[in-house]
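Here the structure is laid out as structure tokens; the discussion comes afterwards.
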Amino acid sequence: MNAMLIVVIVIAIIGTIPVIIRKKLLNNYLTLLQNNDIKAIEDLMATKLAKICIPPFNREYLLLNVYLKINDDKQIDTLVNNIMDHVPMNSKQKSALAQSVFYRYVDKKNASMIDYLLEMVSTTNNHALCRQMDMVNDTLIKGGNKYYDELKSNLADVEYTKNNEDTPYLEFLLSVIYKNMGNESKSKEYKNKALEDSKGTIYESLIHYQNY
């Protein structure tokens, strides 16, 4: 057999080994996650094979999802801080991390962590996510009305609201802004709209849970 061909075959085989191992590790992870075997997952992610075959962010993110599933606040905080301080991330990974934990910190009114996440996302190219987070932060955490004119105008546009799945949450945010401005009647009006329009949507539980 040609020596060059042998080299190519060897390289191809070596290249597939990490992929095969990574797939097996992820299958093990999913099985353990379904069984809520947290200790076994922690041990799995700490193995040399996992550290070699699974990139640092992916490994930490898999662990984060475990702690989010069981609502382990202490472990979530520790892991999020560790990722943000020590794990290199690209724009997509920063966005994924923020989307996973942002509303959790909003629910807990953790202003410092929210600011930390906002600063991180502001360095990415995900401008829509950054703006969404800033809107929630200004309205729910800071008690501001920065987005009043925009929300009022958008929600008055029938075509905009009809084709926008985010309408219930925008109505909720406007109700909070009215409350921030001391207009209780308008706040109640938009809150009722938000509760009605959110039925059966991804925002139903979020709006009920963020009952400001």
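The values are calculated or read from the model by the stated rules, or taken from the named source; none is laboratory data. Every value quoted in this text rests on a predicted model; they were computed, and no experiment measured them. Because the Cβ atoms are built from the backbone with ideal geometry, glycine has one as well, and the counts that use them run over all protein chains shown. Note: areas computed on protein heavy atoms with side chains; ligands, DNA, RNA excluded. Shrake-Rupley method; radii C 1.70, N 1.55, O 1.52, S 1.80 Å.
Under 26 Å of direct C-alpha separation, and excluding same-chain neighbours fewer than eight residues apart, Lys39 reaches these lysines: Lys23, Lys24, Lys48, Lys51, Lys69, Lys74. Within the shell of other residues whose beta carbon sits under 15 angstrom from the beta carbon of Val101, the net charge comes to -2, with Lys and Arg scored +1 and Asp and Glu -1.
Per the Debye formula on identical point scatterers at the alpha carbon atoms of the stretch 101-156, with no solvent, log10 I(q)/I(0) at q = 0.14, 0.19 Å⁻¹ is -0.38, -0.67. The label-point distance for Ser122 and Gln99, in a model that sets each label 7 Å from Cα toward Cβ, rounds to 2.2 nm.
Comparing Leu174, Leu64, Leu32 in a Gaussian network model of the chain, where Cα atoms under 10 Å apart are tied by springs, the biggest mean-square fluctuation is seen for Leu32. If a spin label sat at a point 7 angstrom from the Cα of Ser91 along the line to its beta carbon, the backbone N atoms of the stretch 111-145 nearer than 13 Å would be those of 121-130. Think of each Lys and Arg Cβ as +1 and each Asp and Glu Cβ as -1; about the Cα centre, that makes the dipole of the stretch 123-174 roughly 180 debye.
Helix 56-69 axis versus longest C-alpha principal axis of the chain: approximately 50°, rounded to the nearest ten.
For the chain, the carbon plus sulfur part of the accessible surface works out to 55%, probe radius 1.4 Å.
Counting charges near Val80 (Lys, Arg +1; Asp, Glu -1) among other residues having Cβ under 10 Å from its Cβ returns a value of -2. Step through the residues of the stretch 41-46 one at a time and calculate ³J(HN,Hα) from phi using the Karplus curve (6.51 cos²θ - 1.76 cosθ + 1.60, θ = phi - 60°), rounding each to whole Hz and writing x for Gly and Pro. So the Karplus estimates, Gly and Pro as x, are 5, 4, 5, 4, 5, 8 Hz.
State the answer as a single residue: which of Leu26, Met135, Gln93 lies farthest towards the positive end of the charge dipole of the chain, with beta carbon charges of +1 for Lys and Arg and -1 for Asp and Glu, about the Cα centre. Result: Leu26.
Restricting the GluC sites (Glu not before Pro) of the stretch 134-176 to loop positions (DSSP other than H, G, I, E, B) with no more than 13 neighbouring Cβ atoms within 10 Å leaves Glu165. Taking the 0 to 90 degree range and rounding to the nearest ten, how far is the long axis of helix 73-86 tilted relative to the main principal axis of the chain, both from C-alpha atoms? Between the helix axis and the principal axis of the chain, the angle is about 70 degrees. The candidate values are (i) 1.12; (ii) 0.97; (iii) 1.14; the one derived from this structure for Rg/Rh (Cα atoms, Kirkwood Rh) carries the label (i). For the stretch 111-212, count all C-alpha to C-alpha pairs, find those more than 21 Å apart, and express that count as a whole percent of the total. Every Cα pair in the stretch 111-212 considered, those over 21 Å come to 35 percent. Taking the Cα centre of the stretch 63-209 as origin and assigning +1 to Lys and Arg Cβ atoms and -1 to Asp and Glu Cβ atoms, the resulting dipole is close to 180 debye.
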